[in-house]
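These notes concern the structure reproduced below.
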Amino acid sequence: MHTKYSKLLNPFKLGNLYLANRVVMAPMTRSRAIDNLPNDLLTEYYSQRASAGLIITEGTSPSPNGLGYARIPGLYSPEQITQWKEVTDAVHENGGKIFVQLMHTGRIAHPLNLPAGARLVAPSAIAAENSPMYTDAQGMQPVPIPQAIRLEEIASTIAEFVHSAEAAIEAGFDGVELHGANGYLLDQFLNPAANQRNDQYGGSAYNRNRFVIETVQAVAAAIGKDKVGIRLSPFGVFNDLTSDETTESQFIALAADLKETGIVYIHIVDHSSMGSPSVPQSTKDGIREAFGGNLIISGGYDASRAEADLQAGKGDLVAFGRPFISNPNLVEKFQIDAELTAPDFATFYTPGEKGYTDYVMEEVRA
């Protein structure tokens, strides 16, 4: 048993999945998927990091409509399934476990980044005016006003998530994380800044929660509730969202409804380390109590704070983002308290291996 980090670095059972430790590699967009396809670079990148207890992939679109950023992967076509299978096989061969994060970008998109025939859709026809989008073709561009998803399109939009989740299992993933955070489609339905519908999917907090709950229910029914998690960012302001005095109660109510679905975890992201408002501990505690299941906590953690919060019962697993970018063997470094390599911010989203797969996997010795 590892004594200094006796919770963080020892095994954990997540649903029916046995994890080598409680270290989670957080989902991080890296923009290396040329033509929205996984490739050999992605295979190398994720397999290098397979010592994490659980890898959650970068945001991966369940639909052509959700491919809002340049060079992000999708998971809905036969070719994408085949390519992702190479990634999951490599991770499993290295002893890891891997969930795919299904991220539909919704209104956070630009037509220049979307494939032919795709549409820019959202809960309401409201542009994210303060969130310009990078395009390979024309650099930074303002995002246009999206088309509001019609009531009769709700079911087909949910079906896209279901199809992609089924594709994920076919591709060898251990499960899926629905991206309900950071201002993307599911989060847009949750938030009054993006959702001004006057039907059963808008208006009250209860109605704004409805699309998320129905999507979770449908995905869990399709692939098994033990293979489904969701990421949430209460009080998040990314991509032109807001919060108010009802935010805490809304997310606690959402967590209570998620408990009924039986999914395997909620992943709460707190971006205060990146300049966003912090998520009050009362909100985190309320979600934890209402959900009653596994909680992944994330947001600027180092090993010591992660261990302290696990020991204090604030969460069950801890997700690390940027440290995993530049430290493929992060878990091994935690084991001996080795110094971490700092990431190169300039190469976070650039194509190619630089700043992606070329961080040194130096031998770690006690």
* Find the Rg to Rh ratio for region 76-117, where Rh is the Kirkwood radius over alpha-carbon pairs and Rg uses the same atoms. => 1.11
* So what J values fall out for region 191-202 if you push phi through Karplus, 6.51 cos²θ - 1.76 cosθ + 1.60 with θ = phi - 60°, rounded to Hz, Gly and Pro as x? -> 10, x, 5, 10, 10, 10, 5, 10, 9, 6, 9, x
* Structure fact -> Once phi for every residue in region 5-17 is put through the Karplus expression 6.51 cos²θ - 1.76 cosθ + 1.60 (θ = phi - 60°), the whole-Hz ³J(HN,Hα) values, with Gly and Pro written as x, are 10, 5, 8, 4, 9, 10, x, 8, 9, 9, x, 9, 10
* Structure fact -> Residue by residue through region 298-310, the couplings from Karplus 6.51 cos²θ - 1.76 cosθ + 1.60 with θ = phi - 60°, in Hz, x for Gly and Pro, are 7, x, x, 7, 10, 4, 5, 5, 4, 4, 4, 6, 5
* Asked: If you add up the charges near residue 185, with Lys and Arg at +1 and Asp and Glu at -1, over every other residue whose beta carbon is less than 12 angstrom from its beta carbon, what do you get?
  -> -1
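According to the Kirkwood expression over distinct Cα-Cα pairs, how big is the hydrodynamic radius of region 233-366, in Å? Could the numbers behind the result be given before it?
Values: mean 1/r = 0.0597 Å⁻¹.
Evaluated over region 233-366, this radius sits at 16.8 Å.
Kirkwood hydrodynamic radius, the chain, all distinct C-alpha pairs: what's the number in Å?
Numbers: mean 1/r = 0.0490 Å⁻¹.
For the chain, the Kirkwood estimate is 20.4 Å.
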* Asked: Using modelled backbone amide H atoms (1.01 Å from N, in-plane), which distant-in-sequence or interchain residues come within less than 5 Å of residue 300's amide H?
  -> 321
* 27 Å Cα-Cα threshold exceeded, pairs from 13/354; 13/333; 4/225 -> 13/354; 4/225
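Contour minus end-to-end for residue 204 and residue 304, with contour as 0.36 nm per residue of separation and end-to-end as the Cα-Cα distance?
Values: separation 100, 0.36 × 100 = 36.00 nm, distance 4.04 nm.
So the chain would gain 32.0 nm between residue 204 and residue 304.
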* Between residue 178 and residues 5 or more places away or on another chain, which pairs have amide H atoms under 5 Å apart, with H built 1.01 Å from N, and which residues are they? -> 102, 229, 230, 231
* To do: Could you list the trypsin sites (Lys or Arg not before Pro) in region 257-366 that lie in coil according to DSSP, counting only those with at most 12 other Cβ atoms within 10 Å of their Cβ?
  => 354, 365
* **Length-normalised contact order of the chain in % [C-alpha pairs under 8 Å, at least 6 apart]** => 17
* Asked: Cross-link partners among aspartates and glutamates for residue 7, C-alpha distance below 16 Å, same-chain residues fewer than 8 apart left out?
  -> 302, 307, 309, 316, 332, 337
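Could you work out the relative contact order of region 1-115, using alpha carbon pairs under 8 angstrom and six or more residues apart, expressed as a whole percent?
On the way: 233 pairs, mean separation 33.0, N = 115.
Rounded, it is 29 percent for region 1-115.
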* **Residues whose placed amide H lies under 5 Å from that of residue 59, excluding near-sequence neighbours** => 28, 29
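Show me the ranking of peptides 64-76, 13-25, 129-141 by mean Cβ neighbours inside 10 Å, starting with the highest. Write out the running numbers ahead of the final one.
On the way: 64-76: 24.1, 13-25: 19.8, 129-141: 12.6.
So the order, starting with the most tightly packed, is 64-76, 13-25, 129-141.
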* Asked: Taking the Cα centre of each part, how many Å lie between region 33-48 and region 97-114?
  -> 16
* Run through every distinct alpha carbon pair of region 1-76 and return the Kirkwood hydrodynamic radius in angstroms, one decimal place. => 14.0
* Asked: Hey, how many Å between the Cα centroid of region 333-364 and the Cα centroid of region 277-314?
  -> 26
* Mind sorting 267, 92 by how few other Cβ atoms lie within 10 Å of their own Cβ, fewest first? => 92, 267
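Coordinate-derived values only; no laboratory data. Predicted model only: the values in this text are computed from it and were never measured. For neighbour counting, all protein chains shown are included, and Cβ atoms are generated from backbone atoms with ideal geometry for every residue, glycine included.
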